[in-house]
1. Just give me the residues in the stretch B:74-109 being closer than 16 Å to residue B:138 by Cα, within 12 Å of chain A (Cβ to nearest Cβ) and aromatic (Phe, Trp, Tyr), in sequence order.
2. Among the residues of the stretch B:166-187, write down those that are over 14 Å from residue B:273 (Cβ atoms) and out of contact with any Phe, Trp or Tyr (no Cβ under 9 Å at 6 or more places or on another chain).
3. Starting from residues that are within 9 Å of chain A (Cβ to nearest Cβ), of a type in the set (A, V, I, L, M) and under 29 Å from residue B:306 (Cα atoms), keep the ones in the stretch B:13-55 and report whichever is surrounded by the fewest Cβ atoms within 10 Å (Cβ to Cβ).
4. Out of A:173, A:113, I need the residue that is assigned to a strand (DSSP E or B), outside the structural domain of residue A:348 (by TED's automatic domain parsing) and surrounded by 24 or more Cβ atoms within 10 Å (Cβ to Cβ). Which one?
5. Name the single residue, out of those in the stretch B:242-274 being without any contact (Cβ under 8 Å) to a residue 40 or more places away in the chain and more than 14 Å from chain A (Cβ to nearest Cβ), that is farthest from residue B:342 (Cα to Cα).
6. Filter the stretch A:204-220 for residues that are over 10 Å from residue A:193 (Cβ atoms) and of a type in the set (Gly, Ala, Ser); which is surrounded by the most Cβ atoms within 10 Å (Cβ to Cβ)?
7. Quick one: would you say residue B:10 is of a type in the set (Lys, Arg) and either at the interface with chain A (Cβ under 8 Å from one of its Cβ atoms) or crowded, with 18+ Cβ neighbours inside 10 Å (or both)?
8. Only one residue in B:101, B:63 is surrounded by 23 or more Cβ atoms within 10 Å (Cβ to Cβ) and of a type outside the set (Phe, Trp, Tyr). Which one?
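The values are calculated or read from the model by the stated rules, or taken from the named source; none is laboratory data. Quick caveat: nothing in here was measured; it's all calculated off a predicted structure. Cβ atoms come from the backbone with ideal geometry, glycine included; neighbour counts cover every protein chain shown.
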2 protein chains.
Amino acid sequence: MEETTMTTTKPNILLTPGPTPVPPEVLEIMSRPIFHHRTPQFRSVLKQLQEGLKYVFQTKQDVYTICASGTGGMEASIVNFFSPGDHVIAVNSGKFGERWVKMAQAFGLKCDVISVEWGKAVDPIDIKKQLDAPTGKDIKGVFTTLCETSTGVLTDIKAIAQITKNYQALLIVDAISALGGEDCKMDEWGIDIVITGSQKALMIPPGLAFVAASQKAWNRAKDANLTKFYLDLKKYQKSLLEEDVPFTPAITLVLAQVEALRQFKEDGYDKVIHRAKKLAEATRKATQAMGLKTYSKAPSNVLTTIELPASVDGSKLVKMMRDELGVTVAGGQDHLKGKVIRIAHMGFIRPQDLATGFKIFGEALARQGYQCDVTKAVEQFKNL
Amino acid sequence: MEETTMTTTKPNILLTPGPTPVPPEVLEIMSRPIFHHRTPQFRSVLKQLQEGLKYVFQTKQDVYTICASGTGGMEASIVNFFSPGDHVIAVNSGKFGERWVKMAQAFGLKCDVISVEWGKAVDPIDIKKQLDAPTGKDIKGVFTTLCETSTGVLTDIKAIAQITKNYQALLIVDAISALGGEDCKMDEWGIDIVITGSQKALMIPPGLAFVAASQKAWNRAKDANLTKFYLDLKKYQKSLLEEDVPFTPAITLVLAQVEALRQFKEDGYDKVIHRAKKLAEATRKATQAMGLKTYSKAPSNVLTTIELPASVDGSKLVKMMRDELGVTVAGGQDHLKGKVIRIAHMGFIRPQDLATGFKIFGEALARQGYQCDVTKAVEQFKNL
């Protein structure tokens with residue numbers, strides 16, 4: 001009978017850590033007739049965008065909007081602030097830390113890697129040790145990830161920023177999967193470069209990357225001589241002074257982002273972060289109630305990685321949940337393939353989405369012979 | 001009485017050469033709930049996108065979709081196929097030719113410039129002369145523009161391709177404002193690299209750039225050693241083999257592009273190009289009927305640049321047309337500022353939009369004291 005109910009009311013729920021669901025008001029805006037970007041109408045939009053971004057970045061610095069995937073924003077943070085041969089360090093504790101390493105190497109930086117076991121967070125002390133080492137005095141940048149999307153691990157950026165501010169090294173934070181879901185106070189904490197994307201906690205489709213830089217970073221930019229054009233932030237900076245953009249912007253996505261940021265601000269920074277935190281706690285409790293373990297030793301507010309029972313084929317499970325049962329979650333990457341699922345709880349994802357998600361998760365596990373009490377898991381999302 | 005009619009039925013018509021109006025079916029698609037991109041559903045979308053793009057590019061080569069403004073696509077054509085110090089030539093006959101020059105220089109290429117008076121097209125023979133000159137034997141690329149958006153001038157790419165195919169130089173064509181509105185047969189003509197954007201004749205909002213390259217270009221790519229990561233086409237190539245994308249794509253825009261390309265193919269390549277041609281002819285006749293001149297000596301099918309009477313303030317005119325009369329056209333750039341308007345007639349722009357556009361144009365001219373017979377201008381768009 002349970003299965004009949006499932007079939008007749010097949011949901012359509014997206015619980016992946018990017019893209020995340022888009023609020024209906026935002027979807028509606030994207031279906032309106034387009035208008036030109038060199039107009040007073042769009043200048044007013046750009047002004048609202050800037051205000052909304054500064055609020056979510058918690059910064060007084062300008063935030064630059066690039067039409068690109070998050071990786072384009074990451075690249076902007078390299079090509080604008082570094083030169084070939086610069087010595088940097090990157091924390092590698094998953095797929096996106098690894099991307100920092102590959103990218104730094106692609107642009108000819110001398111990149112030392114702090115390798116951290118998947119599932120664990122870097123110890124800030126290990127960064128300090130590198131900076132204090134005899135070979136560390138020329139380190140110009142520390143590349144990190146606020147939340148490592150491949151593992152769901154949260155990095156203690158506040159503690160790292162306390163360290164880096166005493167050195168010449170810039171602290172660069174890939175906050176793509178987390179800004180707007182995790183606390184990340186750029187100015188107060190002293191982060192030099194923050195990068196995020198539109199399709200995670202910022203609640204709109206992918207296509208926009210956002211980058212902000214501290215005064216310390218801008219001072220460094222003067223001598224940075226990696227080649228660049230489209231991602232040259234000085235062009236964006238110059239245009240912004242004229243309330244303009246250097247290249248044709250993704251107008252539709254910009255309009256969507258302004259509305260999503262309006263909703264974010266209306267709810268309030270602390271309240272939104274708190275909401276993600278509550279959902280994360282409930283998700284971990286629900287996981288436990290099903291007799292399962294969370295993978296991350298330093299779990300984030302934005303997504304939870306759940307270890308699957310050894311008897312379960314995780315790739316099959318993800319497919320079944322999506323194609324037959326109507327709930328899309330993410331599987332594991334690299335050596336975690338088939339062994340974990342990743343469930344997001346940020347942005348527009350609501351308690352009832354997670355409740356349904358866990359009900360379906362239990363159903364899919366049962367179909368692979370793993371029986372557990374879903375009721376107690378689903379209960380965790382009540383009254384949130 | 002004419003003015004009363006205007007006020008009570010103020011239109012909302014976009015006639016700029018990018019963005020251009022988006023068909024309602026495409027707008028509707030962008031308002032649908034988003035789904036994840038690493039799914040069979042999106043793989044099927046990518047397949048359709050590839051087929052649609054190959055058709056509009058008239059190529060058997062794969063066409064790569066980059067989440068970026070058109071300029072990002074232009075940059076991809078430099079960083080993937082050239083090395084620092086490479087000798088290239090660029091045709092500069094307006095703002096976008098100038099962009100090629102600036103970009104080539106930014107990446108350390110040795111760029112000779114063929115300067116052409118604004119409003120005129122480059123003579124293909126001038127390119128041949130450069131390639132045949134004693135200093136020309138090491139020229140590795142010729143950078144051109146299919147339609148120079150700042151002037152509305154069409155370049156004879158077919159003739160230039162006939163020349164470049166006998167040399168080692170690659171022919172790179174910025175077709176951003178024109179592909180899908182002008183004839184541009186990549187394979188048949190022998191163009192090496194074609195770049196376009198989503199927001200012109202391809203009828204969707206800005207945010208996607210498309211790049212295709214010939215075998216001759218790919219052979220060159222092997223030794224090209226400019227630094228790159230986000231715009232590294234080999235990453236896109238490798239992903240495409242796995243029916244995937246290297247970075248999170250702008251899902252919403254990709255879905256929109258698939259529908260717009262479906263409409264393009266349904267109408268048919270020749271028919272769509274012919275329609276733009278007919279609208280362009282009617283636009284030039286309408287211009288003449290108003291006692292005005294077209295600026296370009298080699299007018300394109302996609303946009304027409306109209307010289308304004310000396311007594312008219314073009315900047316004021318554009319503002320009045322847009323803010324008071326409901327029709328958005330583009331003004332002039334650089335030294336043409338205030339002296340011309342640019343009207344697009346590609347993609348989803350219909351005869352009735354141009355008829356209304358000219359009616360409003362006449363009204364705006366009259367408000368600045370220039371009287372002309374609008375009726376005859378408007379008539380040009382009947383029965384098209």
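1. Correct list: B:82 only.
2. The answer is B:166, B:167, B:168, B:169.
3. Among them, the one singled out is B:14.
4. Details: A:113 fails: surrounded by 24 or more Cβ atoms within 10 Å (Cβ to Cβ).
Sole residue among the options that is assigned to a strand (DSSP E or B), outside the structural domain of residue A:348 (by TED's automatic domain parsing) and surrounded by 24 or more Cβ atoms within 10 Å (Cβ to Cβ): A:173.
5. Start the filter on the stretch B:242-274 by keeping residues that are without any contact (Cβ under 8 Å) to a residue 40 or more places away in the chain, which leaves B:242, B:246, B:266-268, B:270-271, B:274.
In the following step, the residues that additionally are more than 14 Å from chain A (Cβ to nearest Cβ) were identified as B:242, B:266-268, B:270-271, B:274.
Values: B:242: 43, B:266: 29, B:267: 26, B:268: 27, B:270: 25, B:271: 24, B:274: 20 Å.
If we take residues in the stretch B:242-274 being without any contact (Cβ under 8 Å) to a residue 40 or more places away in the chain and more than 14 Å from chain A (Cβ to nearest Cβ), then B:242 is farthest from residue B:342 (Cα to Cα).
6. A:207
7. Numbers: of a type in the set (Lys, Arg): yes; either at the interface with chain A (Cβ under 8 Å from one of its Cβ atoms) or crowded, with 18+ Cβ neighbours inside 10 Å (or both): no.
Answer is no for this residue.
8. Numbers: B:101 fails: surrounded by 23 or more Cβ atoms within 10 Å (Cβ to Cβ).
On inspection, the qualifying residue turns out to be B:63.
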